[in-house]
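Q: Mind having a look at this structure? Questions to follow.
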Amino acid sequence: MFAAARTRTPSTASDMQLVETISEMRHVTADLRAKGKSIAFVPTMGALHEGHLKLVDEAKRVADVVVMSVFVNPLQFAPTEDFARYPRTLDDDSKLASGRGVDFMFTPTKEDMYPEHAPVVMVHPGSVGKEWEGAVRPHHFEGVLTVVAKLFHIVMPDVAVFGQKDLQQVAAVKAMVRDLNFPIGILVSPTVREGDGLAMSSRNRYLSPKDRELGLILSKALFAMRDAFGRGERRASALEATGWRMLERVVGLTPRYLAVVNADTFQRVNNVRHGDAAVGAVRVGETKLIDNIIF
Ligand code: AMP
(Lines give C-alpha, C1' and ligand atoms only; values in the text may rest on other atoms or scores of the structure.)
Protein backbone atom coordinates (compact mmCIF):
# COMPACT_ATOMS: atom_id res chain seq x y z
CA MET A 1 0.00 0.00 0.00
CA PHE A 2 2.76 2.46 0.95
CA ALA A 3 5.13 1.52 -1.81
CA ALA A 4 7.56 4.31 -1.05
CA ALA A 5 8.11 3.19 2.53
CA ARG A 6 10.95 0.80 3.34
CA THR A 7 9.41 -1.18 6.14
CA ARG A 8 10.20 -4.02 8.51
CA THR A 9 7.47 -6.17 9.94
CA PRO A 10 7.63 -6.14 13.73
CA SER A 11 7.59 -9.42 15.57
CA THR A 12 4.04 -9.10 16.92
CA ALA A 13 0.99 -9.85 14.83
CA SER A 14 0.26 -6.31 13.73
CA ASP A 15 0.46 -4.26 10.61
CA MET A 16 2.49 -1.45 12.16
CA GLN A 17 5.19 -0.31 9.77
CA LEU A 18 8.60 0.99 10.70
CA VAL A 19 9.65 4.03 8.68
CA GLU A 20 13.32 4.80 8.88
CA THR A 21 13.96 7.90 6.77
CA ILE A 22 12.54 11.39 6.47
CA SER A 23 11.76 10.98 2.78
CA GLU A 24 9.86 7.73 3.41
CA MET A 25 7.89 9.36 6.20
CA ARG A 26 6.94 12.24 3.92
CA HIS A 27 5.70 9.79 1.26
CA VAL A 28 3.67 7.84 3.78
CA THR A 29 1.89 10.83 5.24
CA ALA A 30 1.39 12.52 1.84
CA ASP A 31 -0.30 9.33 0.67
CA LEU A 32 -2.48 9.24 3.81
CA ARG A 33 -3.52 12.87 3.37
CA ALA A 34 -4.36 12.25 -0.30
CA LYS A 35 -6.66 9.48 0.88
CA GLY A 36 -8.39 11.90 3.27
CA LYS A 37 -7.06 10.26 6.45
CA SER A 38 -6.51 12.35 9.56
CA ILE A 39 -3.17 11.87 11.32
CA ALA A 40 -2.33 12.02 15.02
CA PHE A 41 1.32 12.19 15.97
CA VAL A 42 3.01 11.03 19.20
CA PRO A 43 6.65 12.13 19.44
CA THR A 44 8.82 10.14 21.89
CA MET A 45 12.39 9.24 22.69
CA GLY A 46 11.47 5.57 23.09
CA ALA A 47 12.01 3.30 26.11
CA LEU A 48 8.24 3.18 26.03
CA HIS A 49 6.09 2.71 29.11
CA GLU A 50 2.41 3.05 29.92
CA GLY A 51 2.71 6.88 29.99
CA HIS A 52 3.64 6.88 26.30
CA LEU A 53 1.00 4.28 25.46
CA LYS A 54 -1.78 6.39 26.99
CA LEU A 55 -0.80 9.10 24.48
CA VAL A 56 -1.35 6.51 21.76
CA ASP A 57 -4.84 5.76 23.14
CA GLU A 58 -5.63 9.47 22.99
CA ALA A 59 -4.21 9.71 19.46
CA LYS A 60 -6.34 6.78 18.28
CA ARG A 61 -9.42 8.44 19.74
CA VAL A 62 -9.02 11.58 17.62
CA ALA A 63 -7.58 10.50 14.25
CA ASP A 64 -7.68 7.76 11.62
CA VAL A 65 -3.97 7.00 11.69
CA VAL A 66 -1.36 7.20 14.48
CA VAL A 67 2.29 7.98 13.76
CA MET A 68 4.75 7.62 16.64
CA SER A 69 8.32 8.82 16.39
CA VAL A 70 11.16 7.32 18.41
CA PHE A 71 14.18 9.59 18.26
CA VAL A 72 16.65 10.34 21.04
CA ASN A 73 17.28 13.97 20.17
CA PRO A 74 20.90 14.93 20.83
CA LEU A 75 20.03 18.62 20.58
CA GLN A 76 18.09 18.65 23.84
CA PHE A 77 20.87 17.06 25.94
CA ALA A 78 23.70 19.12 27.40
CA PRO A 79 27.20 17.61 26.98
CA THR A 80 27.10 16.69 30.70
CA GLU A 81 23.77 14.87 30.41
CA ASP A 82 22.77 11.28 29.70
CA PHE A 83 22.42 11.24 25.88
CA ALA A 84 24.84 8.33 25.47
CA ARG A 85 23.28 6.21 28.18
CA TYR A 86 19.64 7.13 27.48
CA PRO A 87 17.84 3.76 27.17
CA ARG A 88 17.40 2.56 23.58
CA THR A 89 15.02 -0.38 23.40
CA LEU A 90 13.65 -0.31 19.87
CA ASP A 91 12.61 -3.97 19.67
CA ASP A 92 10.54 -3.73 22.86
CA ASP A 93 9.22 -0.34 21.78
CA SER A 94 7.97 -1.61 18.44
CA LYS A 95 6.19 -4.54 20.15
CA LEU A 96 4.53 -2.25 22.67
CA ALA A 97 3.59 0.36 20.07
CA SER A 98 2.18 -2.11 17.57
CA GLY A 99 0.31 -3.92 20.34
CA ARG A 100 -1.34 -0.63 21.27
CA GLY A 101 -2.33 0.22 17.69
CA VAL A 102 0.35 2.57 16.38
CA ASP A 103 0.19 2.47 12.58
CA PHE A 104 3.61 3.89 11.70
CA MET A 105 6.71 4.10 13.85
CA PHE A 106 9.17 6.68 12.57
CA THR A 107 12.78 6.04 13.65
CA PRO A 108 15.02 8.50 11.83
CA THR A 109 18.77 8.49 12.37
CA LYS A 110 20.62 11.42 13.86
CA GLU A 111 22.44 11.84 10.53
CA ASP A 112 19.16 12.12 8.64
CA MET A 113 17.74 14.61 11.16
CA TYR A 114 20.94 16.67 11.56
CA PRO A 115 23.08 16.22 8.44
CA GLU A 116 25.06 19.34 9.38
CA HIS A 117 25.51 18.04 12.97
CA ALA A 118 23.91 21.11 14.51
CA PRO A 119 21.27 23.18 12.76
CA VAL A 120 22.06 26.84 12.07
CA VAL A 121 18.46 27.91 12.71
CA MET A 122 16.74 26.87 15.93
CA VAL A 123 13.44 27.63 17.63
CA HIS A 124 13.85 29.67 20.79
CA PRO A 125 11.23 29.19 23.52
CA GLY A 126 11.48 32.75 24.90
CA SER A 127 10.11 33.40 28.37
CA VAL A 128 8.20 30.08 28.56
CA GLY A 129 11.46 28.15 28.53
CA LYS A 130 13.60 30.44 30.66
CA GLU A 131 12.92 29.33 34.22
CA TRP A 132 12.72 25.97 36.02
CA GLU A 133 13.67 23.16 33.65
CA GLY A 134 14.98 25.82 31.24
CA ALA A 135 17.23 27.23 33.96
CA VAL A 136 18.67 23.90 35.11
CA ARG A 137 19.04 22.71 31.51
CA PRO A 138 20.15 25.70 29.41
CA HIS A 139 19.25 25.24 25.69
CA HIS A 140 17.11 22.18 26.50
CA PHE A 141 13.89 23.72 25.20
CA GLU A 142 15.61 25.10 22.10
CA GLY A 143 16.58 21.51 21.33
CA VAL A 144 13.06 20.27 22.06
CA LEU A 145 11.27 22.92 20.00
CA THR A 146 13.68 22.56 17.10
CA VAL A 147 13.16 18.80 16.87
CA VAL A 148 9.39 19.10 17.38
CA ALA A 149 9.20 21.73 14.61
CA LYS A 150 11.20 19.46 12.30
CA LEU A 151 9.04 16.44 13.12
CA PHE A 152 5.87 18.49 12.62
CA HIS A 153 7.11 19.55 9.18
CA ILE A 154 8.04 15.99 8.26
CA VAL A 155 4.87 14.25 9.51
CA MET A 156 2.45 17.17 9.05
CA PRO A 157 -0.12 15.73 11.45
CA ASP A 158 -3.53 17.19 12.20
CA VAL A 159 -3.02 16.67 15.91
CA ALA A 160 -0.04 15.94 18.16
CA VAL A 161 -0.33 14.41 21.64
CA PHE A 162 1.99 15.31 24.52
CA GLY A 163 2.08 14.23 28.18
CA GLN A 164 1.34 16.48 31.13
CA LYS A 165 4.38 14.85 32.75
CA ASP A 166 6.56 17.36 30.86
CA LEU A 167 4.36 20.37 31.47
CA GLN A 168 6.86 23.07 30.59
CA GLN A 169 7.48 21.26 27.30
CA VAL A 170 3.73 21.34 26.68
CA ALA A 171 3.66 25.10 27.37
CA ALA A 172 6.62 25.70 25.05
CA VAL A 173 5.15 23.58 22.23
CA LYS A 174 1.77 25.30 22.55
CA ALA A 175 3.48 28.70 22.43
CA MET A 176 5.46 27.67 19.34
CA VAL A 177 2.35 26.38 17.56
CA ARG A 178 0.48 29.59 18.42
CA ASP A 179 3.26 32.06 17.64
CA LEU A 180 4.54 30.37 14.48
CA ASN A 181 1.08 29.38 13.14
CA PHE A 182 1.57 25.63 12.90
CA PRO A 183 -1.78 24.22 11.68
CA ILE A 184 -1.68 21.47 14.29
CA GLY A 185 -3.88 20.84 17.32
CA ILE A 186 -2.06 20.02 20.58
CA LEU A 187 -3.64 17.52 22.96
CA VAL A 188 -2.35 16.95 26.48
CA SER A 189 -2.77 13.62 28.24
CA PRO A 190 -2.63 13.33 32.07
CA THR A 191 0.48 12.02 33.82
CA VAL A 192 0.47 8.25 34.26
CA ARG A 193 1.83 7.15 37.65
CA GLU A 194 2.97 3.95 39.30
CA GLY A 195 0.67 2.59 42.05
CA ASP A 196 2.65 4.48 44.71
CA GLY A 197 2.42 7.82 42.87
CA LEU A 198 5.82 7.96 41.13
CA ALA A 199 5.37 9.51 37.68
CA MET A 200 6.34 6.97 35.03
CA SER A 201 9.52 7.90 33.19
CA SER A 202 12.01 6.19 30.91
CA ARG A 203 14.66 7.25 33.43
CA ASN A 204 13.00 5.39 36.34
CA ARG A 205 14.79 2.23 35.23
CA TYR A 206 18.05 3.82 36.46
CA LEU A 207 16.75 4.05 40.02
CA SER A 208 17.90 1.59 42.66
CA PRO A 209 15.10 0.58 45.08
CA LYS A 210 16.57 3.02 47.62
CA ASP A 211 16.75 5.89 45.11
CA ARG A 212 13.26 5.12 43.92
CA GLU A 213 11.99 5.53 47.46
CA LEU A 214 13.77 8.87 47.75
CA GLY A 215 12.46 10.01 44.36
CA LEU A 216 8.92 9.26 45.47
CA ILE A 217 9.13 12.21 47.87
CA LEU A 218 8.78 14.58 44.90
CA SER A 219 5.29 13.36 44.02
CA LYS A 220 4.39 13.24 47.72
CA ALA A 221 5.46 16.89 48.12
CA LEU A 222 3.37 17.88 45.08
CA PHE A 223 0.36 15.96 46.40
CA ALA A 224 0.77 17.68 49.79
CA MET A 225 0.70 21.04 48.00
CA ARG A 226 -2.44 20.01 46.16
CA ASP A 227 -4.05 18.92 49.44
CA ALA A 228 -3.19 22.27 51.05
CA PHE A 229 -4.76 24.03 48.05
CA GLY A 230 -7.82 21.80 48.54
CA ARG A 231 -8.04 23.00 52.15
CA GLY A 232 -8.19 26.59 50.90
CA GLU A 233 -4.56 27.76 50.90
CA ARG A 234 -4.07 30.17 47.98
CA ARG A 235 -0.69 31.74 48.76
CA ALA A 236 1.97 30.30 46.46
CA SER A 237 4.65 30.96 49.07
CA ALA A 238 2.78 28.87 51.68
CA LEU A 239 2.18 26.02 49.21
CA GLU A 240 5.81 26.06 48.13
CA ALA A 241 6.93 26.02 51.78
CA THR A 242 4.78 22.92 52.35
CA GLY A 243 6.51 21.10 49.51
CA TRP A 244 10.02 22.34 50.28
CA ARG A 245 9.76 21.17 53.91
CA MET A 246 9.17 17.63 52.64
CA LEU A 247 12.01 17.70 50.09
CA GLU A 248 14.56 19.27 52.38
CA ARG A 249 14.32 16.73 55.15
CA VAL A 250 15.31 13.84 52.88
CA VAL A 251 18.98 12.95 52.95
CA GLY A 252 20.29 11.77 49.57
CA LEU A 253 17.87 13.79 47.51
CA THR A 254 18.91 17.07 45.88
CA PRO A 255 15.97 19.37 45.13
CA ARG A 256 16.47 21.39 41.91
CA TYR A 257 13.35 23.53 41.97
CA LEU A 258 9.80 23.52 43.29
CA ALA A 259 7.44 26.34 42.39
CA VAL A 260 3.87 27.33 41.65
CA VAL A 261 3.48 28.71 38.13
CA ASN A 262 0.94 29.68 35.52
CA ALA A 263 0.67 26.51 33.40
CA ASP A 264 0.73 28.44 30.09
CA THR A 265 3.40 31.10 30.71
CA PHE A 266 5.50 29.27 33.31
CA GLN A 267 5.83 32.51 35.23
CA ARG A 268 5.62 32.23 39.01
CA VAL A 269 2.27 33.27 40.51
CA ASN A 270 1.58 34.75 43.95
CA ASN A 271 -2.09 33.92 44.34
CA VAL A 272 -2.85 30.43 43.15
CA ARG A 273 -5.89 29.66 41.02
CA HIS A 274 -7.40 26.48 39.61
CA GLY A 275 -5.40 25.58 36.50
CA ASP A 276 -2.09 26.82 37.90
CA ALA A 277 0.60 24.17 38.39
CA ALA A 278 3.18 23.12 40.91
CA VAL A 279 6.35 21.97 39.13
CA GLY A 280 9.33 20.29 40.71
CA ALA A 281 12.58 18.51 39.95
CA VAL A 282 14.99 16.56 42.13
CA ARG A 283 18.16 14.61 41.59
CA VAL A 284 18.71 11.21 43.22
CA GLY A 285 22.13 9.78 42.53
CA GLU A 286 22.78 10.43 38.85
CA THR A 287 19.11 10.49 37.93
CA LYS A 288 16.99 13.59 37.54
CA LEU A 289 13.25 13.31 38.10
CA ILE A 290 10.63 15.89 37.22
CA ASP A 291 6.96 16.00 38.07
CA ASN A 292 4.04 18.40 38.40
CA ILE A 293 0.43 18.65 39.45
CA ILE A 294 -2.28 21.02 38.25
CA PHE A 295 -4.37 22.65 40.99
P1 AMP B 1 9.83 11.15 26.20
O2 AMP B 1 9.97 9.86 25.49
O3 AMP B 1 10.25 11.12 27.63
O4 AMP B 1 10.40 12.32 25.43
O5 AMP B 1 8.27 11.42 26.27
C6 AMP B 1 7.48 11.40 25.10
C7 AMP B 1 6.10 11.88 25.44
O8 AMP B 1 5.53 11.03 26.45
C9 AMP B 1 6.09 13.30 26.02
O10 AMP B 1 4.95 13.99 25.52
C11 AMP B 1 5.98 13.05 27.49
O12 AMP B 1 5.40 14.10 28.21
C13 AMP B 1 5.09 11.82 27.52
N14 AMP B 1 5.21 11.10 28.79
C15 AMP B 1 6.35 10.61 29.35
N16 AMP B 1 6.08 10.05 30.56
C17 AMP B 1 4.75 10.23 30.76
C18 AMP B 1 3.86 9.89 31.84
N19 AMP B 1 4.28 9.27 32.94
N20 AMP B 1 2.56 10.21 31.70
C21 AMP B 1 2.12 10.85 30.58
N22 AMP B 1 2.89 11.19 29.55
C23 AMP B 1 4.20 10.89 29.64
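Q: What residues of region 249-264 lie in the reach of a label at Ala78, counting those whose backbone N is under 20 Å from a point 7 Å from the Cα along Cα→Cβ?
A: Within reach of a label on Ala78, which here means backbone N under 20 Å from a point 7 Å along Cα→Cβ, region 249-264 contributes 253-259.
Q: Please work out the FRET efficiency for the pair Asp64 and Asp196, using the Cβ-Cβ distance as r and a Förster radius of 45 Å; give the result to the nearest 0.05.
A: Here the calculated transfer efficiency is 0.75.
Q: If you don't mind, there's one more thing I want to ask. Enter the accessible area per residue of the chain (Å², integer; probe 1.4 Å; all protein chains in place). Walk me through the intermediate numbers first.
A: Working: 13590 Å² over 295 residues.
With all protein chains present, the chain gives 46 Å² per residue.
Q: Set the bar at 24 Å for Cα to Cα. Now go through Lys130/Lys288; Lys60/Lys150; Lys130/Lys210; Lys35/Lys60; Lys165/Lys288; Lys54/Lys210 and name every pair that lies beyond it. Mind dumping the intermediate values first?
A: Values: Lys130/Lys288 19 Å; Lys60/Lys150 22 Å; Lys130/Lys210 32 Å; Lys35/Lys60 18 Å; Lys165/Lys288 14 Å; Lys54/Lys210 28 Å.
Pairs exceeding the cut-off: Lys130/Lys210; Lys54/Lys210.
Q: Another one. At what distance in angstrom do the alpha carbon centres of region 181-248 and region 26-92 lie from each other?
A: Region 181-248 and region 26-92 have Cα centres spaced 24 Å from each other.
Q: Another one. Give me the one-decimal nm value for the distance between modelled label points at Leu180 and Lys35, 7 Å along each residue's Cα-to-Cβ direction.
A: A separation of 3.0 nm, rounded to one decimal place.
Q: Be a star and scan region 129-154 for residues whose amide nitrogen sits under 14 Å from the point 7 Å along the Cα-to-Cβ vector of Gln267.
A: In region 129-154, the label zone of Gln267 (backbone N under 14 Å from the point 7 Å along Cα→Cβ) covers 129-131.
Q: Determine, for each peptide in 275-284, 75-84, the mean count of other beta carbons within 10 angstrom over its residues, then list the peptides with the highest first. Let's see the in-between values first.
A: Values: 275-284: 21.2, 75-84: 13.5.
For the peptides 275-284, 75-84, the packing ranking is 275-284, 75-84.
Q: Using a 10 angstrom cutoff on alpha carbons, build the Gaussian network for the chain and name the most mobile of Leu218, Leu55, Leu180.
A: Greatest mean-square fluctuation among the candidates belongs to Leu180.
Q: Also: Take the Cα gyration tensor of the chain, multiply each eigenvalue by 5, square-root it, and list the three semi-axes largest first, rounded to whole angstrom. It would help to have the intermediate numbers written out before the result.
A: Details: eigenvalues 228, 82, 68 Å².
Calculated on Cα positions only, the semi-axes equal 34, 20, 18 Å.
Q: Carbon and sulfur atoms: what percent of the 1.4 Å accessible area of the chain do they account for?
A: Of the solvent-accessible surface of the chain, carbon and sulfur hold 52 percent.
Q: Can I ask one more? Which ³J(HN,Hα) values in Hz, rounded to whole numbers, follow from the phi angles of region 215-227 under the Karplus curve 6.51 cos²θ - 1.76 cosθ + 1.60, where θ = phi - 60° and Gly and Pro get x?
A: Computed from phi, the couplings for region 215-227 are x, 4, 4, 4, 5, 5, 5, 5, 5, 5, 5, 5, 4 Hz.
Q: Which Cα, out of Ala277, Pro255, Pro183, lies furthest along the positive dipole direction of region 170-295 (beta carbon charges, K/R +1, D/E -1)?
A: Pro255
Q: Right, next: Is there a quick way to get the dipole size of the chain? I mean about its Cα centre, with the Cβ of Lys and Arg at +1 and of Asp and Glu at -1; what is the value in debye to the nearest 20?
A: Numbers: 37 positive and 35 negative charges, 121 e Å.
Around 580 debye, computed over the chain.
Q: Report, to the nearest 10°, how far helix 90-100 tilts away from the longest principal axis of the Cα atoms in the chain, using its own Cα long axis and a range of 0 to 90°.
A: So the inclination is approximately 90 degrees.
Q: Now a separate question. Could you pull out every residue, at least 5 positions away or on a different chain, whose amide H is within less than 5 Å of the one on Asp82? Hs are placed 1.01 Å off N in the peptide plane, and Pro or chain starts have none.
A: Here the answer is none, since no amide H 5 or more places off falls under 5 Å of that of Asp82.
The values are calculated or read from the model by the stated rules, or taken from the named source; none is laboratory data. Note that the structure is a prediction, hence the values are computed from the model and not measured. Please note: Cβ atoms are built from the backbone with ideal geometry, for glycine as well, and neighbour counts cover all protein chains shown. Note: areas computed on protein heavy atoms with side chains; ligands, DNA, RNA excluded. Shrake-Rupley method; radii C 1.70, N 1.55, O 1.52, S 1.80 Å.
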